[in-house]
Amino acid sequence: MLNVPSQSFPAAGSQQRVTPTGQSRNKVALKPGHSLLDWIRLTKSGRDLTGLRGRLIEVTEEELKKHNTRNDCWTCIRGMVYNVSAYMDFHPGGEEELMRAAGIDSTDLFDQVHRWVNYESMLKECLVGRMAVKPNPALQAQTEKTESTHMNGLSVPSPLRQEPLPAPLPAKDHRPRYDWFQTDGTVNIVVHTKRKIPSVGCAVVDLQDDTLRVDILLGKMSYLLYWRLSSEVQGSVDVQTAHSIGKVQVCLHKSVKEKWTKVGQPLEHHDTFIQCKDRELFYRECVLVSKTDVTHDTQVLRLQLPPGSHMQVPVGRHVYLKTSLQGTDVVKPYTPVDQTLIPPSRSSAEMASDLHLMIKMYPDGLLTSHLANLPIGSSLSVGGPEGSFTMRILRDVTHLYMLAAGTGFTPMARLIRLAFQDLTSIRSALYKSEKHIKQHALFKSPIEKQILLVQITQKCSGCVSAKITSAVWSFLKLNFA
């Protein structure tokens, strides 16, 4: 029996991951009146949260280090300095966790835990200024042309988050490549990934007006193609994947049957191959088309992607839901589930453009309470996918153990299915849910397809009959029976 390496799913920093000690995330109980909604109200109250009476300054590294106490806490994120003293009692991770960022550049620390958080919106009233740039002797002799933008009247580097340089690759022939061809009515982009593609696919395609964005997710790497198209096309795209040979083909339909000389004008970061964690999140507007009850407080939300979008979410990846509440962007990550988790009400072709999210609705949750009351037909911004999980770590695993609580089942559901369908080495899989003192175990015989479902009231003790919702049971029977 082989153990899964420590960098396995969920990804480090994910909300679905526990700490090495086995304890839950360092999330503290906030005092009454210190919720995210209360923080939004405070930022809009007109109170001076920076201590500078509206002035914006350049901050040296030496100056930043001086502000490292509970009542005078500055930190730097991506070149911008914030006074987070007032936020101390509002931080879900508690004062001790936030103090780790006191007086330092906390960009890396922030990315490890909260990369998905829109800190620029949450902390905009705490902005002290920008970090002073140290002169680089090697660049002083060169004539540079720089551009700048402004935030609250302060000149800042543009862009605030620059796309990093491509990561070094093992060899040149490991880099994906693309070519294209056309017919009278279509333009076809073909991506050769040079590796096998899992059955769930790896392509995320967005056609918006006259721009085409194709993001191929290959393990921890992302290969991006991005154009402003040469001519007008129809609003839908077709995507075909040849999994065994690692080929993805994107088909566009011409509005006018004319010959193209090129796909289009390359846009920023076109034809780049970098780590997924370094790629900027891309959002598209989706429509809520249905809600299905799974339990008394959990629903499956079905979101319809725009006609020009096609999203193949790799196993172990999550997406982000973003909405604006009281003028502030609120963003939360959720792991999609397969459409077979709920009884299908439409054809497979129609549901191919849908995204299914199983979400527990918390009455006092800022976003989930909004989602619970969101009417059918409303729009939601969906970003991603994102995540660092790769199937490579399961290549030689024969026994797979998964532990999750509550809706932590969502990433496990797709992983179980993929393990049994794509990984020939897997002989058994065990899923445990400690939520509500329940543990469910799934076993698959290597000779015959068989499921054993048990419920254990105490660890390593007697068994009783299992109770499971009809939707989940239908999912299990459909995919594993």
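Bear in mind these aren't lab numbers, they're just calculated from the coordinates by the rules spelled out. Because the structure is predicted, anything quoted here is derived from the model rather than measured. Positions of Cβ are backbone-derived with ideal geometry, glycine not excepted, and every protein chain shown enters the neighbour counts.
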Name all residues of segment 81-123 having a backbone nitrogen under 19 Å from the label point set 7 Å from the Cα of Ala29 along its Cα→Cβ direction, giving them as ranges.
89-97
Given H placed on each backbone N at 1.01 Å, which residues far from Ser309 in sequence or on other chains put an amide H within less than 5 Å of it?
Leu207
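Full-extension gain between Glu258 and Gln182, please, as 0.36 nm times their residue separation minus the C-alpha to C-alpha distance.
That pair, Glu258 and Gln182, stretches by 26.4 nm at full extension.
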In nm, the gap between the two label points placed 7 Å beyond Cα toward Cβ at Tyr362 and Leu52 is 3.3 nm
Vicinal HN-Hα couplings computed from phi for segment 365-375 (Karplus, 6.51 cos²θ - 1.76 cosθ + 1.60; Hz; Gly/Pro x):
x, 5, 7, 5, 5, 5, 5, 4, 9, 6, x
Work out how much length Tyr401 to Asn68 would gain on full extension: take 0.36 nm times their residue separation and subtract the Cα-Cα distance, in nm to one decimal.
115.6 nm
